[in-house]
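To start, the structure under review is shown below, and the notes come after it.
The values are calculated or read from the model by the stated rules, or taken from the named source; none is laboratory data. Quick caveat, the model's predicted, so the values are computed rather than measured. Neighbour counts run over all protein chains shown; Cβ positions are idealised from the backbone, glycine included. Accessible surface areas use protein heavy atoms only, side chains included; no ligands, DNA or RNA. Shrake-Rupley method; radii C 1.70, N 1.55, O 1.52, S 1.80 Å.
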Amino acid sequence: MLCEMCGKEVESTVRTKVEGTVLRLCPDCSKFGEILDPPPTPAATAASAARARPPVAGATRPAGGGRRLEERDLYTDIGEMELAPDWPKRIRVAREKLAWTPEVLGKKLNEKKSVVLKLESGGIRPSDALVRKIEHLLQVRLRADPETIGGA
Ligand SMILES: [Zn+2]
């Protein structure tokens, strides 16, 4: 077969529309026009697929950092409760009575082991919410109410 543009002898031609005229062209010359019956080559398929997919803009991003805020609230929320002077020791004694490691207590409180250790050393004061949580978990009184403290 002969290419109608360059006259080259080729194995097969493709019908190509060039400036309104349909010509039978070799693969090289068909690039200059609009191919009417392109052979199904992987390259052509990939090209049309890429053309069919418009670029996606404005992808949504998942919001994060919620947990972090909760943690910070715990420390900025300075409790109003009056705690017993030895509340850090009470936490440690009660925890050891239950044979819980600081990790175990931390997990139950949804806190890190380091937080538990800081509490037990009096390094940080628990918020009122955390006081209630600890009291409930360890069955211990951290508040200074004299009525519930037996003996002296
Ligand atoms: Zn040609």
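Looking at (1) free of Cβ contacts under 8 Å to residues at least 24 places away in the same chain; (2) open to solvent by 30 Å² or more (accessible area, probe 1.4 Å), can you tell me which one residue 93 breaks?
Looking at each condition in turn, residue 93 falls short on (1).
Spot the failing condition for residue 148; the list is (1) surrounded by 13 or more Cβ atoms within 10 Å (Cβ to Cβ); (2) modelled with pLDDT under 95, and only one is missed.
(1)
Against the definition (more than 16 Å from the ligand (Cβ to nearest atom), polar (S, T, N, Q), modelled with pLDDT of 95 or more and open to solvent by 40 Å² or more (accessible area, probe 1.4 Å)), how does residue 76 come out, yes or no?
Taking the combined requirement at face value, the residue does not satisfy it.
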